[in-house]
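The values are calculated or read from the model by the stated rules, or taken from the named source; none is laboratory data. Remember, predicted model here, so these are calculated numbers, not experimental data. Reconstructed Cβ throughout: ideal geometry from the backbone, glycine too, with neighbour counts over all protein chains shown. Just so you know, the surface numbers come from the protein's heavy atoms only, side chains and all, with ligands and any DNA or RNA stripped out. Shrake-Rupley method; radii C 1.70, N 1.55, O 1.52, S 1.80 Å.
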Amino acid sequence: MTFLASGKVNYRARIERAALLAGRHEFAREILSFYGSIASFQREFYDSLPKLWGKQPLVSANGDLRSELRLILLLEPFSKFLKIVEAQAPEALAEESRNLQSKGSARQAEILQEFWKTGLLGASPLQATPFDDFFARAMLQPYADFVTGAMLPPTPIMTVCRCPRCNALPVLGVLRPEGDSGKRFLVCSFCSLEWEFRRILCAKCGETKEQQLPVYVAEQFPHIRVECCETCKHFLRTIDLTKDGNAVPVVDDLAAIPLSLWAEEHGYTRILSNLLWT
Ligand SMILES: [Zn+2]
Ligand SMILES: [Zn+2]
């Protein structure tokens, strides 16, 4: 029985998929090409970490991911990242990048630290903007990926609504082929771990009544399920790899912009937005 699927991020696959989908979907071209620059930066940063760190990180088997932040390794690459965003992002985000650069490294450190601790800046006393969430999340994802690479997998528990390794919210679901249907996993928004999750269960409020949990699939994206909950009015997007084995869940989700408009029109809120609010 599988409880956990690999949390290892394949940046190359993400970059290639983003380029492919950018060619396929006109409406997603700009955002996917921007995402391609983010993923390239993330890959390069991830690859540089063993050298920056000096050796493999040591985290005990039940170690606390959240105690492993080495700001000293992050500030220089972060400033590089902000410059990439300034050059490549849509204008509103480029402007925010200039803002954050002008505030200097003390403010940048504060944001990274707070995000690392809590996974969300919205409720912090920092007066952070949603853009700050984006900067911290994009920057810290490869770092979390690297640190968790040294950890043993967490005790497998099924059907928890938060990541069993780092307690962050899921950003997506994935259906992986198994038997004649598929097994559903949730994907952590922070450390990328996937953990098994029951098919008929709201990942927000725990609703289990099937009639309260409608699933919508648009003709345009036959491999993307919009899994809604009538009880709490939240939804989760699940990438169905039994329908398209070439999909790269995080990237296919970014491309599915029309599905967000649909959900908004129907009064559903996403449990947690993806990196670029698509
Ligand atoms: Zn996690
Ligand atoms: Zn619900």
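Being within 28 Å of Y46 (Cα to Cα), within 14 Å of ligand 1 (Cβ to nearest atom) and open to solvent by less than 20 Å² (accessible area, probe 1.4 Å) narrows it down to one of L175, L186, so name that one. Quick ask: steps written out before the conclusion?
Values: L175 fails: within 14 Å of ligand 1 (Cβ to nearest atom).
Within the list L175, L186, the selection yields L186.
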Checked C191, C229 against criteria (modelled with pLDDT under 95 and under 29 Å from T118 (Cα atoms)); the one match is C191
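Do we have F197 as at pLDDT below 95 and either within 16 Å of ligand 1 (Cβ to nearest atom) or within 28 Å of L140 (Cβ to Cβ) (or both) here?
Working: at pLDDT below 95: yes; either within 16 Å of ligand 1 (Cβ to nearest atom) or within 28 Å of L140 (Cβ to Cβ) (or both): yes.
Against the criterion (at pLDDT below 95 and either within 16 Å of ligand 1 (Cβ to nearest atom) or within 28 Å of L140 (Cβ to Cβ) (or both)), F197 qualifies.
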A careful count of residues in the range 115-172 that are away from ligand 1 (no atom under 13 Å from the Cβ) and under 22 Å from L241 (Cβ atoms) gives 3
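I'm trying to understand the selection: among the residues of the range 189-232, which are closer than 23 Å to L261 by Cα, open to solvent by 70 Å² or more (accessible area, probe 1.4 Å) and not polar (S, T, N, Q)?
Within the range 189-232, the subset closer than 23 Å to L261 by Cα is 189, 202-205, 212-232.
Those left that are additionally open to solvent by 70 Å² or more (accessible area, probe 1.4 Å): 204, 216-217, 219-220, 222, 231.
Selection gives K204, Y216, V217, E219, P222.
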Being within 26 Å of K243 (Cα to Cα) and within 16 Å of ligand 2 (Cβ to nearest atom) narrows L186, L175 down to just L186
Within the range 194-212, the residues that are farther than 30 Å from N10 by Cα and more than 8 Å from ligand 2 (Cβ to nearest atom) are T208, K209, E210, Q211
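What are the residues in the range 260-278 that are part of a helix (DSSP H, G or I) and farther than 23 Å from L120 by Cβ, if any? Break it down stepwise before answering.
Quick first cut of the range 260-278, residues part of a helix (DSSP H, G or I) only: 260-265.
If the condition is that a residue be part of a helix (DSSP H, G or I) and farther than 23 Å from L120 by Cβ, then L261, W262, E265 are the ones that fit.
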When (1) closer than 25 Å to T278 by Cα; (2) in contact with a Leu (Cβ under 8 Å, 6 or more places away or on another chain) are applied to V147, the one that fails is (1)
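Hey, can you tell me all the residues within the range 115-130 that are surrounded by 20 or more Cβ atoms within 10 Å (Cβ to Cβ) and touching a Leu at 6+ places or on another chain (Cβ under 9 Å)? Even if it seems obvious, please write down each step before you answer.
Taking the range 115-130 and keeping what is surrounded by 20 or more Cβ atoms within 10 Å (Cβ to Cβ), we get 115-116, 119, 121, 128.
Scanning the range 115-130 gives F115, W116, G119, A128.
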Taking the range 131-156 and keeping residues among the β-branched types (V, I, T) and either within 16 Å of ligand 2 (Cβ to nearest atom) or open to solvent by less than 30 Å² (accessible area, probe 1.4 Å) (or both) leaves V147, T148
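Determine whether the range 44-60 contains at least one residue that is at pLDDT 95 or above and open to solvent by less than 90 Å² (accessible area, probe 1.4 Å).
Yes, the range 44-60 has at least one match.
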L254: passes all of (1) hydrophobic (A, V, I, L, M, F, W, C); (2) within 30 Å of R29 (Cβ to Cβ); (3) open to solvent by 20 Å² or more (accessible area, probe 1.4 Å); (4) more than 16 Å from ligand 1 (Cβ to nearest atom) but (3)
Could we say that A94 is of a type in the set (A, V, I, L, M), open to solvent by less than 60 Å² (accessible area, probe 1.4 Å) and within 16 Å of ligand 1 (Cβ to nearest atom) here? no
